[in-house]
Amino acid sequence: MKNYLTIDVEEHFQVSAFEGAIDQNEWDSHESRVEKNTYLLLDCLSDQGVFATFFIVGWVAERYPSLVREIIKRGHEVGCHSYLHRKVYDLTPDEFLKDTSKAKDILEQITGEKISGYRAPSYSITNRSIWAFDILEELGFEYDSSIFPIVHDNYGIPDAPRFKYPIIGKNIVEYPISTVKITGLNIPVAGGGYFRLFPYWLTKFLLERIHRKDQKPFMFYLHPWEVDPYQPRVKNAGLLSRFRHYNNLEKTESRLKRLLKDFNFSSIKNLHKNT
């Protein structure tokens, strides 16, 4: 069974966990590491013949258009991950429209292709920002992958479906982030900080459980900064934010290589058109 592999391309200093410590106006003064880290991921995928969807922040694409073109050249899909990586529910509908439209236009100009997929920064399409689907449909997106069906302090719609479903009343398909249901609770297992927090054997066991119990593909995600244990530390961020961001960075690359051997993956686009 082929699963969805997604990479959220953003700088290490753009993450929502650090938005209270690093002002957007300071971004250009920080060391950029996204290009090097994304190439590392591209090489890992090439070694295994795996294709993925790269949701790219427009701010990054604007500064590294050659990186975006290289992603396309290697056979991967490019999706939109906003322009300024601001959480959707912190924006007005008009601000969200302008941010998303700008990012989509930048990516389409660089790639020469229609951008069909969107992922919100920090999975911030929640019950208080569900209006975002009106705008995504208006902008011509065909699918979204922003809903995380869990309870969390920053994101999540706990009672949302766990697998691919159409957004009611919209021409948009949702690809939620994967969870395992245990004793009635949705447990996050498929990427990011959870991939770094759990030992690899547990991640593998739970992902296999999705195949075995639900007989569905899972949605996996990762960020380029997660394979970069030597990135500069943001010391004025909160303790929880620093733990979430820096925990087990030195283990991510080796775990990813194991994951690519243990499971089959492809981009959302490749699987979307065949299902």
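Residue by residue, here is whether (1) among the hydroxyl-bearing types (S, T, Y); (2) surrounded by 21 or more Cβ atoms within 10 Å (Cβ to Cβ); (3) over 23 Å from S122 (Cα atoms) holds:
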{"position": "F163", "(1), (2), (3)": "no, no, no"}
{"position": "Y175", "(1), (2), (3)": "yes, yes, no"}
{"position": "G192", "(1), (2), (3)": "no, no, no"}
{"position": "E208", "(1), (2), (3)": "no, no, yes"}
{"position": "Q215", "(1), (2), (3)": "no, no, yes"}
{"position": "D228", "(1), (2), (3)": "no, no, no"}
{"position": "R244", "(1), (2), (3)": "no, no, no"}
{"position": "K251", "(1), (2), (3)": "no, no, no"}
{"position": "L271", "(1), (2), (3)": "no, no, yes"}
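None of F148, F141, F133 is crowded, with 18+ Cβ neighbours inside 10 Å and not in a loop (DSSP other than H, G, I, E, B) except F133. For the residues I106, I7, I71, the requirement of being outside any helix (DSSP H, G or I) and crowded, with 18+ Cβ neighbours inside 10 Å singles out I7.
Of the residues making up the stretch 109-130, just one is of a type in the set (K, R) and crowded, with 19+ Cβ neighbours inside 10 Å, namely R119.
If you go through the stretch 11-35 and keep only what is assigned to a helix (DSSP H, G or I) and touching a residue at least 24 places away in the same chain (Cβ under 8 Å), you end up with S16, A17, F18, Q24, W27, V34, E35.
Scanning the stretch 219-236 turns up at least one residue that is outside any helix (DSSP H, G or I), among the hydroxyl-bearing types (S, T, Y) and either within 22 Å of H81 (Cβ to Cβ) or at pLDDT below 95 (or both).
Each residue in the stretch 74-86 was checked for being buried (at least 20 other Cβ atoms within 10 Å of the Cβ) and either of a type outside the set (V, I, T) or part of a helix (DSSP H, G or I) (or both), and 9 of them qualify.
Out of the residues in the stretch 89-117 meeting the condition of being touching a Lys or Arg at 6+ places or on another chain (Cβ under 8 Å) and touching a residue at least 12 places away in the same chain (Cβ under 8 Å), tell me which one is nearest to S16 (Cα to Cα). Here the residue is Y89. D47 meets the conditions (1) surrounded by 17 or more Cβ atoms within 10 Å (Cβ to Cβ); (2) farther than 17 Å from Q231 by Cβ in every case but one. The failed one is (1).
Taking the stretch 153-188 as the region of interest, how many residues are under 24 Å from A52 (Cβ atoms), without any contact (Cβ under 8 Å) to a residue 24 or more places away in the chain and part of a loop (DSSP other than H, G, I, E, B)? Final tally of qualifying residues: 2.
Among the residues in the stretch 207-216, are any of a type in the set (K, R), out of contact with any Asp or Glu (no Cβ under 8 Å at 6 or more places or on another chain), closer than 17 Å to F18 by Cβ and not in a helix (DSSP H, G or I)? Scanning the stretch 207-216 turns up no residue that is of a type in the set (K, R), out of contact with any Asp or Glu (no Cβ under 8 Å at 6 or more places or on another chain), closer than 17 Å to F18 by Cβ and not in a helix (DSSP H, G or I).
The values are calculated or read from the model by the stated rules, or taken from the named source; none is laboratory data. Everything numeric in this text was worked out from a predicted model, so none of it was measured. Backbone-built Cβ (ideal geometry, glycine too); neighbour counts: all protein chains shown.
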